[in-house]
Amino acid sequence: MPKKMDNILAQLRRNSIEEMVSEKGSVTVTELCEKFNVTSATIRSDLTKLESAGRLERTYGGAVCVGEKVYDPSLYVREELHILEKQAIAHTAVQSICPNDVIGLDSGSTTYQLCKLLGEIGQLTVVTYDLRIATWLEYNTSANVIMAGGSINRNYHCTCGQIARETLSMLNINRLFLSANGVSIEQGLSTAALDMAEIKSTMIKSAESVSLLCDSSKMNRKAIVSFAPLSMVDELITDSGITPAFAQQVKDVGVRVKVAQPKS
């Protein structure tokens with residue numbers, strides 16, 4: 001095939017990739033390979049060129065849209081995005097958990113990585129409303145698991161609603177490990193759904209201390225529903241992608257900042 005035709009097809013493919021990212025908010029290399037019937041090396045080259053042009057942002061295993069707009073990808077896409085950063089954040093967070101603690105785990109892909117590290121901590125009580133976290137802890141640890149009941153939010157694999165909020169409001173949590181879709185100095189912490197915002201707010205009120213676990217892609221962004229000012233958080237654990245300027249702004253609010261480094 002002539003080189004000119006190759007270039008035309010490549011540009012058409014990149015235009016389609018850009019449209020997919022804009023519509024879905026995120027894509028993975030695997031799904032792009034299947035859609036366009038090309039190699040992963042070709043797709044990664046396309047994503048690199050599109051990122052250089054400011055059309056999208058590369059992630060581990062795929063790409064997301066750029067700008068302040070916060071997307072809400074599916075559970076399985078969330079698991080692939082920034083996975084190394086999330087694992088590093090979880091390894092940093094677990095170091096502060098001690099036997100006999102009562103901790104709260106918010107629903108989220110980073111808190112799910114944290115739950116996988118709790119097996120060696122004895123006499124631990126974990127409060128959660130996330131179905132996957134509760135199930136993993138049940139089968140893989142000796143932790144006492146308190147699962148908030150209520151209606152199931154199928155998109156997030158967790159419970160929600162009044163029953164869940166009432167259960168969580170009765171409990172006293174030593175330390176909450178919280179997640180968010182967006183972290184902004186002006187808008188605070190935000191998420192993509194009203195019912196999720198309500199239950200996150202309830203957990204914050206039940207906790208003595210709050211640690212926010214968020215990879216740097218969430219920094220200086222906002223989702224549709226704000227659920228707490230940043231000052232409600234005691235510490236932010238994130239990755240090295242956070243800019244020094246934003247980290248300083250977070251510190252100025254009175255929040256400690258810990259930067260997790262991926263394990264070699």
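Numbers below:
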{"item": "Area projected by the alpha carbon convex hull of the chain, averaged over all directions, nm²", "result": "14.8 nm²"}
{"item": "Cα-only Debye scattering, segment 178-264: base-10 log of I(q)/I(0) at q = 0.15, 0.22, 0.26 Å⁻¹", "result": "-0.49, -1.03, -1.38"}
{"item": "Long pairs among LYS24/LYS218; LYS24/LYS258; LYS35/LYS218; LYS35/LYS116, criterion Cα-Cα beyond 23 Å", "result": "LYS24/LYS258; LYS35/LYS218; LYS35/LYS116"}
{"item": "MRE, 222 nm, helices only [DSSP H, n ≥ 4, -39500 (n - 2.57), over the chain, to nearest 500]", "result": "-12000 deg cm²/dmol"}
{"item": "Cleavage-rule hits (GluC sites (Glu not before Pro)) in segment 178-264: DSSP loop, at most 12 neighbouring Cβ within 10 angstrom", "result": "GLU186"}
{"item": "Cα-based equivalent ellipsoid of segment 166-210: semi-axis lengths in Å, sorted from largest, via gyration tensor", "result": "20, 13, 7"}
{"item": "Simple Cβ-charge dipole of segment 87-242, Lys/Arg +1 and Asp/Glu -1, about Cα centre, in debye nearest 20", "result": "300 debye"}
{"item": "Long-range HN-HN contacts of ILE121 with modeled amide H, under 5 Å", "result": "none"}
{"item": "Average projection area in nm² (convex hull over Cα atoms of segment 112-206, one quarter of hull surface)", "result": "6.4 nm²"}
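Read-outs throughout are calculated quantities, based only on the coordinates presented, and are distinct from any laboratory measurement. Remember, it's a predicted structure, so these values are computed and weren't measured experimentally. So basically every Cβ, Gly included, is an ideal-geometry build from the backbone, and we count neighbours across all protein chains shown.
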